[in-house]
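Read-outs: derived from the displayed coordinates by stated rules, not from any lab. Please read these numbers as outputs of a predicted model, since none were measured by experiment. Virtual Cβ from ideal backbone geometry, glycine too; neighbours counted across all protein chains shown.
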2 protein chains.
Amino acid sequence: MEKNFVAVNYIRCTPEYRERFEYLFGTRKKAIDTLPGFVDMYVLKPNQDDDNYLVVSFWTSEQAFQDWTKSEAFIQGHARGFEDIRKAKAAGQPSPMSSDFKTYQVISR
Amino acid sequence: MEKNFVAVNYIRCTPEYRERFEYLFGTRKKAIDTLPGFVDMYVLKPNQDDDNYLVVSFWTSEQAFQDWTKSEAFIQGHARGFEDIRKAKAAGQPSPMSSDFKTYQVISR
């Protein structure tokens, strides 16, 4: 399947949250994998100290990616992480993680 | 082939250099593709204005990546870009591009 469009989610975790973050991705339910236009994803752990994790997902088109961000699969796939953030806020603590999506076109291989 | 190790080269180009940068990757000689341990690579053009290009390469191991950075293929593969930078410096101009390698382990898919 053609990999035309790439979304990179740059995720910053507090040091205490890293183990939990890795656990959540290691046990993800893979709802995203069944979506039309989804091709592949990789969760990348930085070798540099205190750097971002990258979640890199490949899609056949930008539309497929945008549809995912508005889908039930998106909410389900992030439910445990969103709940961790909600609990931290409710307890007056700083958020254990933050994320920033950037998108790209594959122009060469 | 197992994709264990990922190198991301974050490349910043001046606006004037972007077309040339894309041309260089579009016409690359693919010397890297023959190296042991090389799996795959993607050149990603940012959809956000004034953001970095990403060159994402997958390797079977960190050693394979490190061997590449010290290889003749690395020098050949970057020869035209390095020459552009050299010329700019010789002319007293700012560098048309800069790059920053970061490396990652694939922890989940």
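Details
- The stretch B:52-108 and the stretch A:1-80 have Cα centres separated by 26 Å.
- Ordering B:Leu24, B:Leu35 by the number of other Cβ atoms within 10 Å of each residue's own Cβ, fewest first, gives B:Leu35, B:Leu24.
- Amide H contacts under 5 Å for B:Gly37, placed H, 5+ residues apart: none
- Label point distance in nm, A:Thr69-B:Lys3, each placed 7 Å from Cα along Cα→Cβ: 2.2 nm
- Efficiency of FRET between B:Phe101 and A:Glu62 - r from beta-carbon atoms, R0 35 angstrom, step 0.05: 0.80
- Relative intensity, log₁₀ I(q)/I(0), of the protein assembly as shown from a Debye sum that treats every alpha carbon as a point, q = 0.08, 0.09, 0.11 Å⁻¹: -0.33, -0.41, -0.61
- Of all chain B residues, the closest to the B-onto-A rotation axis by Cβ, with that distance in whole Å, is B:Val56, 4.
- Sorted from shortest to longest, the distances between the A:Pro15 label points of this copy and the other copies are 4.2 nm, with each point 7 Å from Cα along the line through the beta carbon.
- In this Cβ point-charge picture (+1 for Lys and Arg, -1 for Asp and Glu), chain B has a dipole of about 200 debye about its Cα centre.
- Here the protein assembly as shown is treated with +1 on each Lys and Arg Cβ and -1 on each Asp and Glu Cβ, and its dipole about the Cα centre works out to around 20 debye.
- Between copies, A:His78 shows label-point distances of 3.6 nm, shortest first, with the point placed 7 angstrom from Cα along Cα to C-beta.
- Convex hull volume per residue, computed on the Cα atoms of chain A, equals 110 Å³.
- Extended-chain gain in nm, criterion 0.36 nm per residue less alpha-carbon gap, B:Arg12 and B:Thr34: 5.2 nm
- Largest GNM mean-square fluctuation among A:Asp50, A:Asp67, A:Asp40, using chain A with Cα springs under 10 Å: A:Asp50.
- Karplus-based coupling profile of the stretch A:42-53, in residue order and whole Hz: 9, 9, 10, 9, x, 7, 7, 4, 6, 9, 6, 6, with θ = phi - 60° in 6.51 cos²θ - 1.76 cosθ + 1.60 and x standing for Gly or Pro.
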